[in-house]
1. If each residue's Cβ is checked for other Cβ atoms within 10 Å, how do Met168, Met197 rank with the fewest at the top?
2. Which of Cys68, Cys45 comes first, and how do the rest follow, when ranked by fewest Cβ neighbours within 10 Å?
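Quick note: the coordinates plus some simple rules give every number you see, no bench work behind them. Since the model is a prediction, treat every value here as computed from it, not as a measurement. Glycine also receives a Cβ, built like all others from the backbone with ideal geometry; neighbour counts cover every protein chain displayed.
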Amino acid sequence: MTLRFQKAATALAGIAALCAAVTGCGIRDTSVPVDAGQAPSRVPCDLPAENITTQAQEGIPVRIYLVCSSQLVSADRTVRLPQGAGSTDRVRVAQLLLDELRVPPTAAEKQAGFSTDVHGALTVQGPDKRDPRTALRLSRAPESLPAAALAQVICTYAESALVESQDMAVLLGGPAAGDPVRSYVCTPEVKERPEAMSTAQEPSPVATS
């Protein structure tokens, strides 16, 4: 019995080896599933090229700052100038940029994670007679805006043709007559943490003439 059992075992082992080497004897080869994670998706804050409005449209290209992944990230837009306005009209350009910040992000921008904290009615006008000529005044006191909204405004203005100073400072004030305008700078820290705009720096009052 022992010898017969050994022969049977040897035969079975041989058949198994033959099946593995040739066809598998009709047994479907199974693979161990590997969890490769979720399928790759669009990187947050990475806008597709087709989102950029064609420059063939009537208007001027502008760059604004939106909030994405708790940071300020630039987005390119094209805006139309009011009839009779030129691109050198500082106040009108400043208002166009402000209006663009208030526009809800496009579908592509939303999908990429963009949003804006600039909401509600907000207008801008030129300097008072005692202000520096490059100053701008909002219809609301800048310090009353949410910190991230103020950061969006400052960084958008700072990187536009509205700013002429070498330190890229934005001279901004509120509507109250006599209140001094203040100097705001769009620093790398503000871009990284826009909600800290109100504490990241102490804006300096600008002396009126």
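1. Met168, Met197
2. Cys45, Cys68
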